[in-house]
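Right, one structure below, let's go through it.
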Amino acid sequence: ELWMSLEEHQDALELIMSKYRKQMLQLLQGRKGEDAEPVLKVHQDNSLEIASQIDRICEMGEVMRKAVQVDDDQFFKVQEKLAQLELENKELRELLSISKESFEVGREDLPD
């Protein structure tokens, strides 16, 4: 009788434990969905923020690239203008030199 009572008690305990495990499994599965949702939301928010920052960085890079191009174009225009002015200055100095020489030659030819 004692042995039979022990087996019935173990069967009842196994039934209770199986129901407990089943309920805990359901609770954990339901909870995993709830736990994952806030983490997923934070991850999505971070992903969106990172994507927007990447877009802003790309836009800033494009603006910088255009600024460098404009700066380079301006630099080349200044260099070209400088070369042009140097050439013009050299030619004017040559004309001035020729003019001075002809003036001096003209003065020498004049009688005192």
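Counted over all Cα-Cα pairs of the chain, pairs farther apart than 23 Å make up 75 percent.
The mean accessible area for residues of the chain, using a 1.4 Å probe and ignoring ligands and nucleic acids, is 100 Å² per residue.
Within a straight-line Cα-Cα reach of under 13 Å, residue 41 can be paired with the following aspartates and glutamates, leaving aside sequence neighbours fewer than 8 residues apart in one chain: 49. Residue 8 exposes around 120 Å² of accessible area when a 1.4 Å probe is run over every protein chain in place. Around the Cα centre of the stretch 44-112, unit charges on the Cβ atoms of Lys, Arg, Asp and Glu (plus for the first two, minus for the last two) sum to a dipole of about 140 debye. Relative to the dominant Cα principal axis of the chain, helix 2-109 is inclined by about 0°. For the chain, carbon and sulfur atoms together expose 60% of the accessible surface, with a 1.4 angstrom probe and every protein chain in place.
The values are calculated or read from the model by the stated rules, or taken from the named source; none is laboratory data. Bear in mind that the values here come from a model prediction, so they are computed numbers and not experimental data. Neighbour counts are summed over all protein chains in view; Cβ atoms, including those assigned to glycine, are modelled from backbone coordinates with ideal geometry. Calculation scope for accessible area: heavy atoms of the full protein, side chains included, ligands and nucleic acids excluded. Shrake-Rupley method; radii C 1.70, N 1.55, O 1.52, S 1.80 Å.
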